[in-house]
Amino acid sequence: MSEIRVDSLSNESNTGGPVLSGITTFSGQQYFIPPKGTTAERPSDCPPGSIRFNTDTAHLEYWQGTVWLEFEASSEELGDQNNTNSSGGTGHRALFGGGYTPSEVDTIDYISISTLGNAQDFGNLTDARNFTASAASSTRGLIAGGGDPSYDNNIDFVTIPSTGNATDFGDLLRARRGISGASSNERAIWFSGTTTPGNDPTNDIEYVTIASTGNSVDFGNLIANRAWSAACSSSVRGIVAGGRIGSSSLINSIEFITISSTGNALDFGDLSDEIGFFSACSNATRGIFGGGYTPSRINAIDFITTATTGNAQDFGDLTVARGENGAAASSTRGVWAGGNAPPNFQDVIDYIEILTTGNAIDFGNLSVTRGGLSGCSNGHGGL
């Protein structure tokens, strides 16, 4: 076997590295250093399959031909370090629980976020209800509150890498629906909601420790009373946006908390419009808000940079204008499922690549057509 030892190689014009044809093998027990740079420095004139390290996101990414995408390692590829069960790893899953058709349902669906296709049955909630909130760690998914049609204070949990029916976790401080959820790997945060059929919103913030079981604990208060808002998180911040502030009035303000502490929320900025009955998801750097009513149903998608306060910016559009949807995310993809586009409930699932901008693309369909559901994942930005 021939061997060449040099400090560097370049092509004939000295404008880059050489082209290696045929089957190229890198041997040894050290490492290979790919090109690196920021998101702003991404090239767009490279062939599909090109690889680089993004110093902004600290992830390897590849050029798909039209967009840069992050490599998303499943738990099988990681030696089953994060998401384990008796049959091996599952990768990043999104779960969608509850809803109505118009009768309340107890259905929990799941998808593998990296693989397009229809949702599969996961199990059932402890009772049928709609307008719940969801949050998750890398192993557990929690579903809280809702209505059936009486208002519910139940918190359920499931083990995301498995399948099966939900188990009782504890109770919210007050029964309510139209709440929203966000989480780090340790805490789930429950924001606001309404406690009465008159739709009077609250400014409650509560939390639970995901790895344990028990009733939620007071965290603080939002600036504005709101219900049917949307929430997402980074590993540091929980963010809640929009919602209804009365029987019909909507709000566009965004607020945030520091998840690991307790205390009242602070002002973050504003959405592009006054929106309610929508949902949000996030990776480690961006929060994405999709759909909702203004009061007309919309397909707009907004985004924020979670570490930096300021107003939301336009991202693109969902495939179907609808409200009452559920959302979840991995480190690279955001997905929206179901919803209500009166007079029709929806089973559509669509997705976006979070680090880009542009319109959503069809992913597949839910197992049950419904609105008023909520979503979570074991790969979102709060982890």
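Only the coordinates and a few stated rules stand behind these numbers; no lab work does. Quick caveat: nothing in here was measured; it's all calculated off a predicted structure. Using ideal geometry, Cβ is built from the backbone for each residue, glycine included, and neighbour counts are taken over all protein chains shown.
Brief remarks on what is shown
- For the chain, the Cα-based Rg and Dmax, in that order, read 21.7, 80 Å.
- Within the chain, longest stretch clear of exposed GluC sites (Glu not before Pro) (DSSP loop, no more than 14 other Cβ within 10 Å): 78-383
- Restricting the range 202-281 to trypsin sites (Lys or Arg not before Pro) in coil, as DSSP defines it, with at most 15 other Cβ within 10 Å: none
- Taking 7 Å steps out from each Cα toward its Cβ at THR159 and ALA40 produces label points 4.7 nm apart.
- Estimated FRET transfer efficiency when R0 is 25 angstrom, pair ASP168-THR258 (beta carbons, to 0.05): 0.30
- Under the simplified labelling scheme, the ASN221-SER367 pair shows an inter-label distance of 4.3 nm, with each label point 7 Å from Cα along Cα→Cβ.
- Take the Cβ atoms of ASP273 and ILE33, set R0 to 45 Å, and the FRET efficiency comes out at 0.50.
- Placing +1 on the Cβ of every Lys and Arg and -1 on the Cβ of every Asp and Glu, with no other charges, gives the chain a dipole of roughly 220 debye about its Cα centre.
- FRET efficiency for SER296 and GLN64, using Cβ-Cβ distance with R0 set to 45 Å, rounded to 0.05: 0.85
- In nm, spacing of pseudo-spin labels at THR357 and ASP127 (7 Å Cα→C-beta vector): 4.5 nm
- Where chymotrypsin sites (Phe, Trp or Tyr not before Pro) in DSSP loops with at most 16 other Cβ within 10 Å are excluded, longest remaining stretch of the chain: 72-383
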